[in-house]
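The values are calculated or read from the model by the stated rules, or taken from the named source; none is laboratory data. Small disclaimer: the values here were computed from a predicted structure and weren't measured. When the accessible area is computed, the model is the full protein with side chains, heavy atoms only, and any ligands, DNA or RNA have been set aside. Shrake-Rupley method; radii C 1.70, N 1.55, O 1.52, S 1.80 Å.
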Amino acid sequence: MDHLQDLKKALTDAYAQSSLQKALKTSQSKSLEILIRNHQQDQRLISTILHMADVTDNYNDPNDIDLALDTINLAKIYEGVDAREKEGTKLAYQDLLVTELLHYFKHDFFTWVTKPKCPQCHNDGDNIEPKGSSTPPTPNPDEISVVENYRCVECGVNVDFPRINKPAKLLVTRSGRCGEWVNCFMLLLRALLGAEGHIRYVWNNEDHVWCEFYSDSQQRWIHLDPCEDVFDDPNLYCQNWGKKMSYCIGFGDSYVVDLSEKYITNKDKQIDKKSVVSDLQLVPQLIKQINARKLLKTYESFRYESTALQRIYDILVMFNNEQMKISTPVASKTEAVGRQSGTAEWTSSRGEGGS
Ligand SMILES: [Zn+2]
């Protein structure tokens with residue numbers, strides 16, 4: 001028996017080591033520079049993807065995690081989990097916890113902003129007219145990407161809506177659109193699942209973001225849309241909202257993965273990728289480069305631990321399993337009612353008002 005265990009460990013370690021070797025070779029080659037140089041016309045897409053490659057690092061600050069746990073009503077979330085367990089459920093504890101966090105986040109914690117409220121009359125309807133945007137302040141501790149400018153025509157007051165990216169700041173402002181929602185939710189998710197939990201940010205090229213976590217009991221990545229309080233419904237966008245999409249890409253701690261097939265579940269809703277990128281090989285090649293670097297970075301973070309190679313092996317197995325399963329279709333659970341977050345006018349202007 002010991003002999004078999006030794007053999008298993010030797011094989012596991014060898015596989016992890018050879019994958020690390022390959023990753024090292026890939027990252028040391030000039031491939032990324034060449035890729036960027038050869039795709040000048042795709043600069044926007046390339047820089048977006050590179051910019052998000054390590055987005056989950058934004059949720060690792062221990063102070064932010066403590067602040068998150070202090071800010072949310074944990075008792076309420078755990079009460080919700082207890083109630084569901086008493087009702088009887090097939091979901092495991094971790095899945096229930098995430099379900100309750102989603103529910104709490106949408107209904108008790110965060111608010112949607114289509115247009116900001118006037119500070120004087122407190123209305124955010126037709127009285128608020130857009131007046132363009134301005135650049136973020138310097139210094140920019142809240143990581144504001146842009147400041148949207150509005151004016152209340154009733155009161156003659158200017159209203160700014162800074163688009164904040166810093167997750168800890170969002171624990172205070174508790175409002176925004178999908179970017180702010182997902183950013184803040186990811187921090188809470190990390191805080192609740194702990195350092196061992198796997199989370200990832202999902203970016204869509206047609207102006208939406210959501211996220212996923214890895215369910216230990218179901219052994220798979222589960223779709224979460226914090227804006228909609230939706231758990232595990234990858235058909236939400238194409239079949240429910242009727243949204244057309246080109247790319248959906250998942251950015252995790254250890255690897256990046258093209259999730260377009262998982263989320264673009266209706267062929268009619270697939271925007272021709274050739275209309276957004278000059279070369280269909282660009283995204284897979286870019287992801288390969290990023291993943292080589294991420295695997296090495298992950299290994300560096302625990303290389304002196306005795307289980308380091310085993311952990312690399314586990315990540316590779318997770319990645320490979322996912323590659324095989326990604327196109328497995330899942331039946332839609334929700335009715336085609338369209339998007340719930342945002343006003344009807346706003347959602348229909350985005351082509352998300354239902355199929
Ligand atoms: Zn006003």
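A few comments on the model shown:
- 12 Å Cα-Cα reach of LYS294 towards aspartates and glutamates, excluding residues that sit fewer than 8 places from it in its own chain: ASP54, ASP57, ASP253
- Ranked order, ILE222, ILE271 - accessible area, probe 1.4 Å, largest first: ILE271, ILE222
- Solvent-accessible area per residue, Å², over the chain with all protein chains present [probe radius 1.4 Å]: 51 Å²
- Across the accessible surface of the stretch 37-130, with the other protein chains kept in place and a 1.4 Å probe, carbon and sulfur atoms take up 48 percent.
- Under 20 Å from LYS76, Cα to Cα: lysines that are on another chain or at least 8 residues apart: LYS86, LYS106
- For the stretch 225-286, fraction of C-alpha pairs farther apart than 20 Å, in %: 32 percent
- Probe 1.4 Å - accessible area at GLU148, Å² to nearest ten: 30 Å²
- Over the stretch 263-315, equivalent-ellipsoid semi-axes from the Cα gyration tensor in Å: 35, 14, 6
- Cα long-axis angle, helix 2-28 against the chain (0 to 90 degrees, to the nearest 10): 60 degrees
- What the phi angles of the stretch 110-116 give under the Karplus curve with 6.51, -1.76 and 1.60, with θ = phi - 60°, is a coupling list of 10, 10, 7, 10, 7, 10, x Hz, glycine and proline written as x.
- Distant alpha-carbon pairs in the chain (separation over 30 angstrom), percent: 44 percent
- A cut-off of 5 Å between modelled amide H atoms, ignoring neighbours fewer than 5 places along the same chain, links CYS211 with VAL202, LEU224.
- Dimensions in Å of the stretch 59-184 - Rg and Dmax from alpha carbons: 18.1, 55
- For the stretch 115-172, taking Cα atoms only, Rg and Dmax work out to 12.3, 34 Å respectively.
- Karplus-derived 3J(HN,Hα), 6.51/-1.76/1.60, for each residue of the stretch 278-286, Hz, glycine and proline x: 6, 9, 5, 7, 4, 4, x, 5, 5
- Per residue, the convex hull spanned by the Cα atoms of the stretch 131-262 amounts to 153 cubic angstrom.
- For the chain, the longest principal axis of the C-alpha atoms and the axis of helix 93-104 are separated by about 20°.
- Residue among MET52, MET245, MET324 with the largest mean-square fluctuation in a Gaussian network model of the chain, springs linking Cα atoms under 10 Å: MET324
- Rounded to 10°, Cα long-axis angle of helix 74-87 versus longest principal axis of the chain: 70 degrees
- Once C-alpha pairs closer than 8 Å and six or more residues apart are averaged by separation and normalised to the residue number of the chain, the relative contact order reads 19 percent.
- Relative contact order computed over the stretch 115-172 (Cα-Cα under 8 Å; 6+ residues apart), in percent: 32 percent
- Reach of LYS9 by Cα under 13 Å, taken over aspartates and glutamates that are not fewer than 8 positions away in the same chain: ASP314
- Computed 3J(HN,Hα) for the stretch 253-264, one whole-Hz value per residue from the Karplus formula 6.51 cos²θ - 1.76 cosθ + 1.60 where θ = phi - 60°, is 5, 9, 7, 10, 9, 7, 9, 4, 5, 5, 9, 8, glycine and proline marked x.
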